[in-house]
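Before any comments, here is the structure.
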Amino acid sequence: MSDMTPASPDLESWPSVAHVDASFEPLIPKFMSNRRKEIATMTEAMVQRDFDTIRKVAHGMKGVSGSYGFPAMTAAAARLEQAAKIADRGSIHRDLTALASYLDRVAIVYEES
């Protein structure tokens, strides 16, 4: 792992609950589906050593996940973006794996604003 890329937190330290504005509830299934597709895209890009694609996809994920109320996803996407900038394959692999696990287990709590 590069000295320039922060280590991924243990999955246990990531919140397993995301507090999302209730107005987003109808959008969340598509939001989650799109994030899974982005993980698949980044995973394939890693195989191809296409770090620019990983950087771009992670950057987009970082922005949208923050807007929807998923700070753990935002943090992981930010790390992916930085790791892609320096072609740190080990960090990218760890964060993609952690992010896929997070998406599979996160519970979404809808809150009225």
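The values are calculated or read from the model by the stated rules, or taken from the named source; none is laboratory data. Note that the structure is a prediction, hence the values are computed from the model and not measured. When we count neighbours, we look across all protein chains shown, and the Cβ atoms used for this are built from the backbone with ideal geometry, even at glycine. The area values use the complete protein model at the heavy-atom level, side chains included, leaving out ligands, DNA and RNA. Shrake-Rupley method; radii C 1.70, N 1.55, O 1.52, S 1.80 Å.
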Take peptides 34-46, 70-82 and line them up by average Cβ neighbours within 10 Å, highest first, as a rough protection proxy.
70-82, 34-46
Accessible surface of the chain [probe 1.4 Å, protein heavy atoms]: carbon and sulfur percent
55
Once you have the alpha carbon radius of gyration of the range 18-113, what is it after dividing by 2.2 N^0.38 Å, with N set to its residue count?
1.06
Below 15 angstrom from the Cβ of residue 63, what's the summed charge of the other residues (Lys, Arg +1; Asp, Glu -1)?
+3
Pop the C-beta distance of residue 107 and residue 27 into the FRET formula with R0 = 22 Å and round what comes out to the nearest 0.05.
0.80
Relative contact order (%) - the range 42-99, alpha-carbon pairs under 8 angstrom, separation at least six:
35
Which order do the peptides 18-27, 47-56 come out in when sorted by mean C-beta neighbours inside 10 angstrom, highest first?
47-56, 18-27
